[in-house]
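Colleague: Sharing a structure below in structure tokens format, with a few things to ask.
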Amino acid sequence: MNIRKLYPNEKPPINLLLLADPSESLVEEYLNRGDCFVTEMNNQIIGVYVLLPTRPETVELVNIAVKESFHKKGIGKQLIFHAIQIAKSKGYKTIEIGTGNSSIGQLALYQKCGFRITGVDQNFFIRHYEQEIFENGIHCKDMIRLSLDI
Ligand code: COA
């Protein structure tokens, strides 16, 4: 699978990015500061992730999304492994990721990729998102923080 950095004047796939993060303002903000990578199928972007440097030697995978009709084919896992390789090659020592307490599939995926839970940012989604979020019948309130030493 070919994964490449978004070209300098190319429009980011905002609809895909919004699948992972419903806040358009937050997405716009981290797109300006991070590196956006994409993968295509038949000239259409079907996967995306954004890597953002946060602290010395630490980078965060702030967004990862795969077009719905391509879910469960291993593309998300390949994007994560690519992000880990990019972070390593740039000299980062730790890669972090955060997800909602209701995001059961994402928590499974990240742990299968080696990430360990490091903490809980209680009420993160209540504080930062206007709309209530429900997934898997669970109210999304807390941000589960995960990290991987690379
Ligand atoms: N429940 C349980 N396990 C799940 C799962 C789910 N809903 N979704 C993925 N997994 C597991 C798979 O079983 C697979 O494990 P395996 O390799 O042992 O078979 C592993 O995670 C990798 O799955 P993969 O096919 O690579 O994931 P994907 O291409 O479907 O992409 C997401 C995963 C999260 C990127 C995709 O579901 C998505 O774009 N969701 C919407 C955006 C989003 O929520 N982004 C993350 C925000 S924190």
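Colleague: I'd like the distance separating the alpha-carbon centroids of the range 54-73 and the range 92-143, in whole Å.
Modeller: 12 Å
Colleague: When only DSSP loop residues count, what chymotrypsin sites (Phe, Trp or Tyr not before Pro) in the range 57-146 have their Cβ near at most 16 other Cβ atoms within 10 Å?
Modeller: Here the sparse-neighbourhood loop sites are Tyr129.
Colleague: Between Asp149 and Ile14, what is the spin-label point distance in nm, taking each point 7 Å from the Cα along the Cα→C-beta axis?
Modeller: With each label placed 7 Å out from Cα toward Cβ, I get 4.1 nm.
Colleague: Go ahead and run the numbers for FRET between Glu130 and Gln44, Cβ-Cβ distance against an R0 of 41 Å, rounding to 0.05.
Modeller: 0.85
Colleague: Among rounded, prolate and oblate, which fits the range 2-149 when a ≥ b ≥ c are the square roots of the eigenvalues of its C-alpha gyration tensor, a/c under 1.5 means rounded, and a/b larger than b/c means prolate?
Modeller: Judged from the Cα gyration tensor, the range 2-149 comes out rounded (a/c under 1.5).
Colleague: Related question: Magnitude of the Cβ-charge dipole of the chain, K/R +1 and D/E -1, about the Cα centre, nearest 20 debye?
Modeller: So the magnitude is around 640 debye.
Colleague: Still on this model: So which aspartates and glutamates pass the test for Lys88, namely a Cα distance under 16 Å, with those fewer than 8 places away in the same chain ruled out?
Modeller: Counting by Cα, and skipping residues close in sequence, Lys88 has these aspartates and glutamates nearby: Asp35, Glu57, Glu60, Glu96, Asp149.
Colleague: Which GluC sites (Glu not before Pro) does the range 1-50 hold that lie in a coil by DSSP with at most 13 other beta carbons within 10 Å?
Modeller: Filter output for the range 1-50: Glu10.
Colleague: Each label point is 7 Å from the Cα along the Cα-to-Cβ direction; what then is the distance between the points at Arg116 and Ser89, in nm?
Modeller: That separation, rounded to one decimal, is 2.7 nm.
Rule-based calculations on the coordinates, nothing more; no lab input. The structure presented is a predicted model; accordingly, all values stated were derived computationally and were not measured. For neighbour counting, all protein chains shown are included, and Cβ atoms are generated from backbone atoms with ideal geometry for every residue, glycine included.
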